[in-house]
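A short write-up of the structure that comes next.
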Amino acid sequence: MNLSNFLSKLLQRTLVFAIVTISVIFTTISQPAFAITSADVNQQIDEVAQSPLFLEGKACDKLDTLWSAIYASRESADNLVPFQTDQVKAFLAGTSTRFWKSFGDSPEIKPENYLRLTHRHGVFAQARLVIEPEFQNRYTGLLKKGSDCVLVRFSSAVSPATSWNRFTPGFAAKFFIDGKHSSENLIVQHSIAGQGNNINYYEYPLSNKLKFIENQPAGFAAFSRFFNATQDYLKNESNLKMVDPRELSIQHLASINAKGKTVDNPESPRFIFLVPPEGRAFSQEQHDFRQDFLALNQGIPANDKGQVKKDQGVRLFDVYVADQFTDNPKAEAQRIGYFESKSHFAVSDTADIRVSFRHSITPRETQDYPGEYPKSLFNDESFTSECATFGASLADMQPNPQDASGNTSIYFQNYLKRGCKP
């Protein structure tokens, strides 16, 4: 063999080795690290919660720090943690104090043993809120120009393991803020009762005003818990006859921007609507909705942190706003921008339990809306009349080990008084 042939074969072998090596490296960084244990994930989340970078760093550094723990614990699409049955008895029997702390008074990271009452399963992604240029002088704070430092979660209020006839899509967005300021959160949903056995997440627009649709009593149990807790904590301080728990505030989003600068006179719309992007729809048939979002990762390259290039993000929702509520935001509200992904979608059961999105309620007097239960029916007799649909027996609820104060809530006593025995 002459020198020329030797060098030619050596070059060929070198190229083959390099290609194989690159392929192995690419495969390694593209696949989830499934060997990580639940204890490892919880330890990493605990470290994030105490990290100076997360507690007082830049907004996007906070996002990246928390995302690193979520993405490290992501599950394979063919090996997702199965849906768990909702903790119905804990949801029903707890006092208003515990219920309120779960929703309205919540830290960024919940403790390891936290019992999530609703929205047990979801899908996470990094995202940005983009406000169109022509609307960047209409509102203030985060609603002025949007933000690149957002963690979002897609979920169902009722676990499919509890009922396949109560699919209830919800969406949460956590806007991180520079410095010691905690995140500001947006919570939206379509209705309290859900959309039956239609599993298309993008079937309806989502809004900060939850619909309590007439003749859909399946939502009574959930709504009554929100209603009672809201009255206990906000009615006296607001001097209102009846605080409306259906409407979550968005004014706080207009009160500060991502840099931590507060606004003296915030300008905000009253209602926000997240409308499915044109042509986006998933199957209505019974299936794991999380798979729909994971399938969107296909064909979109990501770096070893799961992040994608700016021009390859997925449009998540178009954002509409209005000062009057509407069932048809595309026709009757103003489109001001959109949410877009900055990363692959990821499922993490540990993050589902521990990452919290705080609900913000600005006290407003309850009003009637067309097609919804009238406020005259917001009372104990109505709320407990459908107790057979709650899914918990008295034996399950008494005593309640999740509530150290005992079964002393007015709601539980009313449940007991009516002898509800599903």
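The values are calculated or read from the model by the stated rules, or taken from the named source; none is laboratory data. Note that the structure is predicted; figures quoted are calculated from it, not measured. As a convention, Cβ positions derive from the backbone with ideal geometry for all residues, glycine included, and neighbour counts pool all protein chains shown. The area values use the complete protein model at the heavy-atom level, side chains included, leaving out ligands, DNA and RNA. Shrake-Rupley method; radii C 1.70, N 1.55, O 1.52, S 1.80 Å.
If we scan segment 369-377, do we find a residue that is open to solvent by 50 Å² or more (accessible area, probe 1.4 Å), assigned to a helix (DSSP H, G or I), at pLDDT below 85 and out of contact with any Ser or Thr (no Cβ under 9 Å at 6 or more places or on another chain)? No, segment 369-377 contains no residue that is open to solvent by 50 Å² or more (accessible area, probe 1.4 Å), assigned to a helix (DSSP H, G or I), at pLDDT below 85 and out of contact with any Ser or Thr (no Cβ under 9 Å at 6 or more places or on another chain). Sub-6 Å Cβ pairs linking a first residue in segment 124-139 that is touching a residue at least 60 places away in the same chain (Cβ under 8 Å) to a second residue that is among the aromatic types (Phe, Trp, Tyr), at least 6 apart or interchain, are Ala125/Phe345; Gln126/Trp67; Ala127/Phe339; Leu129/Phe339; Val130/Tyr338, ordered by first then second residue.
The requirement of being at pLDDT 90 or above and open to solvent by 10 Å² or more (accessible area, probe 1.4 Å) is satisfied by Leu210. Looking only at segment 186-198, residues that are outside any loop (DSSP other than H, G, I, E, B) and either out of contact with any strand residue (DSSP E or B) (no Cβ under 8 Å at 6 or more places or on another chain) or open to solvent by less than 10 Å² (accessible area, probe 1.4 Å) (or both) come to 3 in all. Can you confirm whether segment 382-398 contains a residue that is at pLDDT 70 or above and under 18 Å from Arg225 (Cβ atoms)? Yes, segment 382-398 contains a residue that is at pLDDT 70 or above and under 18 Å from Arg225 (Cβ atoms).
Residue count for segment 199-229, restricted to those that are over 19 Å from the mean Cα position of the chain (by Cα) and either without any contact (Cβ under 8 Å) to a residue 12 or more places away in the chain or part of a loop (DSSP other than H, G, I, E, B) (or both): 4. What about Phe339, is it hydrophobic (A, V, I, L, M, F, W, C) and over 30 Å from Asn113 (Cα atoms)? Considered against the rule, which asks whether it is hydrophobic (A, V, I, L, M, F, W, C) and over 30 Å from Asn113 (Cα atoms), Phe339 comes out as yes. Only a single item in (1) at pLDDT 80 or above; (2) surrounded by 18 or more Cβ atoms within 10 Å (Cβ to Cβ); (3) charged (D, E, K, R); (4) outside any strand (DSSP E or B) is not met by Arg116, and it is number (1). For segment 131-158, the tally of residues that are within 12 Å of Lys342 (Cα to Cα) and either surrounded by fewer than 24 Cβ atoms within 10 Å (Cβ to Cβ) or within 15 Å of the chain's Cα centre (by Cα) (or both) stands at 4. Residue selection: Ile177 satisfies the criterion of being open to solvent by less than 10 Å² (accessible area, probe 1.4 Å), of a type outside the set (Phe, Trp, Tyr), outside any helix (DSSP H, G or I) and closer than 20 Å to Glu267 by Cα.
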